[in-house]
1. Among the residues of the stretch 61-69, are any out of contact with any helix residue (DSSP H, G or I) (no Cβ under 9 Å at 6 or more places or on another chain), modelled with pLDDT of 85 or more, in a strand (DSSP E or B) and of a type in the set (S, T, N, Q)?
2. Quick one: how many residues across the stretch 13-40 are more than 18 Å from A72 (Cβ to Cβ), surrounded by 18 or more Cβ atoms within 10 Å (Cβ to Cβ) and hydrophobic (A, V, I, L, M, F, W, C)?
3. How many residues are surrounded by fewer than 19 Cβ atoms within 10 Å (Cβ to Cβ) and touching a residue at least 24 places away in the same chain (Cβ under 8 Å) when one looks only at the stretch 41-57?
4. Those residues that are part of a strand (DSSP E or B) and touching a Lys or Arg at 6+ places or on another chain (Cβ under 7 Å), I need them from the stretch 36-60; list them, please.
5. With the condition kept exactly as written, say whether any residue in the stretch 27-35 is among the hydroxyl-bearing types (S, T, Y) and either part of a strand (DSSP E or B) or under 17 Å from A3 (Cβ atoms) (or both).
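The values are calculated or read from the model by the stated rules, or taken from the named source; none is laboratory data. Quick caveat, the model's predicted, so the values are computed rather than measured. Here the Cβ is made from the backbone with ideal geometry for all residues, glycine too, and neighbour counts use every protein chain on show.
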Amino acid sequence: MKAKWIVRLGQHEWARHTRAEDAGDALCLLGSVQRGAQIGALAVDHEGAYFQVNGEYISPLNKRLIGKAVSAAKGRAPARSTPAPQRSTSAPVVTVRRRRVAVDSIRNT
């Protein structure tokens, strides 16, 4: 059985494999693509063709298979319009303690 293509979307994913300058103006970087040990940045051109980018090396990918993997990745990705849940935090409690000073019980005056 052949390994499936795994797509992860986002700038932090493709930045591991290439720079935006290496992909050129014709390609739009989407994320990363992986199949077994083969891994690289995922890019798409203006015609909808997908490419794997590793540094300056660009190789074409199967449009149908990668399109299915991209659709699955979009379904797994959290919606951008929903804000992250806020953690309820209370104000910190600060306790100030006085320093104890030893006092002689018998004073000579």
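1. No, every residue in the stretch 61-69 fails to be out of contact with any helix residue (DSSP H, G or I) (no Cβ under 9 Å at 6 or more places or on another chain), modelled with pLDDT of 85 or more, in a strand (DSSP E or B) and of a type in the set (S, T, N, Q).
2. Total satisfying the criteria: 3.
3. Residues flagged as surrounded by fewer than 19 Cβ atoms within 10 Å (Cβ to Cβ) and touching a residue at least 24 places away in the same chain (Cβ under 8 Å) within the stretch 41-57 amount to 3.
4. If the condition is that a residue be part of a strand (DSSP E or B) and touching a Lys or Arg at 6+ places or on another chain (Cβ under 7 Å), then Y50 is the only one that fits.
5. We begin by selecting, within the stretch 27-35, every residue among the hydroxyl-bearing types (S, T, Y); these are 32.
Those still in the list that are either part of a strand (DSSP E or B) or under 17 Å from A3 (Cβ atoms) (or both) too: 32.
For the stretch 27-35, residues among the hydroxyl-bearing types (S, T, Y) and either part of a strand (DSSP E or B) or under 17 Å from A3 (Cβ atoms) (or both): present.
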